[in-house]
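See below for the structure under consideration.
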Amino acid sequence: VKRLPERLLAGDARALARAATLIESRSAGAEDLLREIFRHTGKATVVGITGSAGAGKSTLVDQLVAGYRRRNQRVGVVAVDPTSPYSGGAILGDRIRMQQHHADAGVFIRSMATRGYLGGIAAATSDLTLLLDAAGFNTVLIETVGVGQDEIEVARIADVTIVIVVPAMGDDVQAMKAGIMEIADIFVINKSDLPGAERLERELQGALSLAKRQDGWNPSIIRAVATEGAAVDAIVSAVDEFQQRGPKKQRSIDSWELRLRDLYRSKALERISPQQVRDAAIDVAERRRDPYSVVREWTNALDRR
Ligand SMILES: Nc1nc2c(ncn2[C@@H]2O[C@H](COP(=O)(O)OP(=O)(O)OP(=O)(O)O)[C@@H](O)[C@H]2O)c(=O)[nH]1
Ligand SMILES: [Mg+2]
């Protein structure tokens, strides 16, 4: 009987499902598995797709899946849901829409809750993406609602980030979160069938020409009507272009720098119990101890290992 890593690397669908569950439950075997497969990763293109609630992310992801399948690529989808995987109509809608792909072994779809993961949702998403990469998926699409810090961190995992904006939905450029503006490698103006798409495009162009990015990349702007799928080819081409000419290597180093910090932080925190932290906090609040000595004691304990 072949071991899980070997079956995963061979692209076995059941092994992938099992490995994904290991990652999601953060069980002990997850790290060993990841360590074994890591050198086989780095081939997939990871595309982050973010935008406010209802912007059309899932509709577009669905179209992109079909577009990549037409190009004979295997596609993974990780939907990061801000509440829980199976509550809410949106996710139910996602599942119905995605059913057309469910019978297809070239498509893997998983939705994850944002809470409850030790080490954070970004860590779990990154690990799941590594699995898909190792299992031979060419493209991984990560859908996340662009609201909080979690989502911005998820975007940092991606090689390419698509930000979806919508006319007449409070998505005018003034109101857009600075963080979201900065992470966009490609802007998609979705629902371009609604009035205001042209004005939004002008505003975006204006904002982009004022704020040149440090890495020199000039984000493309693509108008789309996701429900009709017409812009899929343009979006796939824009992703390819970013992969070929964008600051890919720099992006990857930056992203691993963050992941390494996160990993180190969670490893260090694993060495002390929540109760220990709580007790120390009480001591500090009551001025029995100072916080600097407490932390020094903890880091000294790390050194001794
Ligand atoms: N008019 C119009 N409606 C669209 C377009 N794209 C998506 N919609 C509709 O917008 C609604 C929300 O689409 P979703 O794809 O679920 O949006 P989402 O961003 O994934 O939403 P959440 O996951 O809930 O944040 C659906 O009713 C879609 O049919 C578009 O281009 N034009
Ligand atoms: Mg959605």
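At a glance:
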read-out: Tally, over segment 290-305, of residues that are surrounded by 10 or more Cβ atoms within 10 Å (Cβ to Cβ) and not hydroxyl-bearing (Ser, Thr, Tyr); value: 9
read-out: Leu200 vs. criteria among the aliphatic types (A, V, I, L, M), more than 25 Å from Gly42 (Cα to Cα), assigned to a helix (DSSP H, G or I) and without any contact (Cβ under 8 Å) to a residue 24 or more places away in the chain; value: no
read-out: Residue within segment 182-195 that is within 16 Å of ligand 2 (Cβ to nearest atom) and on the phi < 0 side of the Ramachandran plot present; value: yes
read-out: Breaking point among (1) modelled with pLDDT of 95 or more; (2) open to solvent by less than 50 Å² (accessible area, probe 1.4 Å); (3) not in a helix (DSSP H, G or I), for Ala55; value: (1)
read-out: Qualifying residue in segment 78-94 (condition: of a type in the set (S, T, N, Q) and either modelled with pLDDT of 85 or more or part of a helix (DSSP H, G or I) (or both)); value: no
read-out: Whichever residue in segment 208-250 is in contact (Cβ under 8 Å) with a residue 40 or more places away in the chain and surrounded by fewer than 18 Cβ atoms within 10 Å (Cβ to Cβ) and, among such residues, is farthest from ligand 1 (Cβ to nearest atom); value: Lys248
read-out: Test for Arg70: is it more than 7 Å from ligand 1 (Cβ to nearest atom), at pLDDT 90 or above and farther than 26 Å from Ser252 by Cα; value: yes
read-out: Residue tally, condition within 25 Å of Glu270 (Cα to Cα) and open to solvent by 10 Å² or more (accessible area, probe 1.4 Å), over segment 1-32; value: 11
read-out: Residue within segment 250-272 that is of a type in the set (Ser, Thr, Tyr) and not in a helix (DSSP H, G or I) present; value: no
read-out: Pair list, Cβ < 9 Å and 6+ apart or interchain, from segment 266-287 residues that are exposed (fewer than 12 other Cβ atoms within 10 Å of the Cβ) to residues that are at pLDDT 95 or above; value: Ile282/Arg288
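The values are calculated or read from the model by the stated rules, or taken from the named source; none is laboratory data. Treat the numbers as computed from the prediction; the structure is a model and nothing was measured. Glycine also receives a Cβ, built like all others from the backbone with ideal geometry; neighbour counts cover every protein chain displayed. Areas reflect the complete protein model, heavy atoms only, side chains present, ligands, DNA and RNA absent. Shrake-Rupley method; radii C 1.70, N 1.55, O 1.52, S 1.80 Å.
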